[in-house]
Amino acid sequence: MAKLYFRYSAMNAGKSTALLQVAHNYEEQGQQVQLYTAAIDHRYGLGKVTSRLGPQREADIFDGTYNFLTEAKQVNCVLVDEAQFLSAVQVQQLHQLAHVRGVPVICYGLRSDFLGEPFVGSSYLLTLADDIEELKNICTCGKKATMNIRVDADGKRLKSGAQIDIGGNERYHHVCGRCFYAD
């Protein structure tokens, strides 16, 4: 029976690397996968799932209007990177793909933003996913990193701003709860 999976973590825990490994494993068994990433995230080029370790693959893109029920191809597995940017309706569509069409859907993304606020896509994935797994990461203090913070060009923490401001290690750091609340 197919399921909707949500694999979440703080920044820089290997979500995209894990997605690329799953794609490789399916394809090595002669099965077809469809990769998606958010149109809003073009750090490494539009329509690319990229690991900070280097591997990269082309992917279809989704934006707020993309309909997974009408656009998804007939494949053995759907893999979604940057799943925090999904809309509520899109998460429901992915849930339906898994349960009605029998296609496993594995989503990778952040649980919360730099202020500790949930992303819409992540909230719905936490509600509808049949299987939820946290990918672990370590804070600089040695504790498990569960949060993200945004920093400015001088490395100073920002405590206000738009929820979405695409950036990598130069803009975001992963931290534990204690470091998240430290000033």
### Task
For the stretch 1-75, calculate the relative contact order in percent as a whole number, restricting contacts to Cα pairs under 8 Å that are 6 or more residues apart.
28
### FRET efficiency for Leu158 and Val89, using Cβ-Cβ distance with R0 set to 22 Å, rounded to 0.05
0.15
### Summary
With all protein chains in place and a 1.4 Å probe, Asp130 shows an accessible area in Å² (nearest 10) of 70
### Query
Along the charge dipole of the chain, Cβ charges K/R +1 and D/E -1, which of Asn12, Phe119, Gln163 sits furthest on the positive end?
Asn12
### Task
Over the stretch 1-153, average the accessible area per residue using a 1.4 Å probe and give it in Å², no decimals.
46
### Task
Please give, to one decimal in nm, the separation of the simple spin-label points placed at Gln29 and Leu126, each 7 Å out from Cα toward the Cβ.
3.0
### Message
Can you tell me which aspartates and glutamates have their Cα less than 15 Å from the Cα of Lys144? Leave out same-chain residues fewer than eight positions away.
### Response
Glu133, Glu134
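Within 15 Å, Cβ to Cβ, of Asn67, how many net charges do the neighbouring residues add up to if Lys/Arg are +1 and Asp/Glu are -1?
Summing Lys and Arg as +1 and Asp and Glu as -1 gives -1.
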### Task
Using a 1.4 Å probe and counting only protein heavy atoms, arrange Val175, Val120 so the residue with the most accessible area comes first.
Val120, Val175
#### Entry: All aspartates and glutamates inside 17 Å of Lys159 as judged from Cα atoms, apart from same-chain residues fewer than 8 positions distant
Asp113, Glu117, Glu170, Asp183
### Task
Using Cα pairs closer than 8 Å and at least 6 residues apart in sequence, work out the relative contact order for the stretch 54-129, in percent.
33
### Query
Where does the chain land at 222 nm, in deg cm²/dmol rounded to the nearest 500, when only DSSP H runs of n ≥ 4 count, each adding -39500 (n - 2.57), divided by all residues?
-7000 deg cm²/dmol
### Task
Indicate, rounded to the nearest 5 percent, the antiparallel portion of the DSSP beta bridges found entirely in the chain.
35
### Summary
Rounded to the angstrom and largest first, Cα extents along the principal axes for the stretch 1-159 equal 47, 30, 28
### Phe85 - accessible surface, heavy atoms, 1.4 Å probe, Å² rounded to 10
40
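At a 10 angstrom cut-off on C-beta neighbours, averaged per residue, how do the peptides 93-105, 16-28 rank from highest to lowest?
Values: 93-105: 19.1, 16-28: 17.2.
Averaged packing, sorted descending, gives the order 93-105, 16-28.
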## Note on the structure
Computed about the Cα centre, the charge dipole of the chain from +1 Lys/Arg and -1 Asp/Glu charges at the Cβ has a magnitude in debye, to the nearest 20, of 480
### Over the stretch 1-130, relative contact order from alpha-carbon pairs under 8 Å, at least 6 apart, %
34
### Message
Under 26 Å between alpha carbons, and skipping anything fewer than 8 positions from Lys3 in its own chain: which lysines qualify?
### Response
Lys15, Lys48, Lys73, Lys136
### Task
Could you please state how large a percent of the accessible area of the stretch 33-169 is carbon and sulfur, counting protein chains only and using a 1.4 Å probe?
51
### Message
How large is the accessible surface of Arg171 in square angstrom, using a 1.4 angstrom probe and rounding to the nearest 10?
### Response
60
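The values are calculated or read from the model by the stated rules, or taken from the named source; none is laboratory data. Here the structure is a predicted model, which means the values were calculated and not measured. Virtual Cβ from ideal backbone geometry, glycine too; neighbours counted across all protein chains shown. Keep in mind that these areas ignore ligands, DNA and RNA; they rest on the heavy atoms of the full protein, side chains included. Shrake-Rupley method; radii C 1.70, N 1.55, O 1.52, S 1.80 Å.
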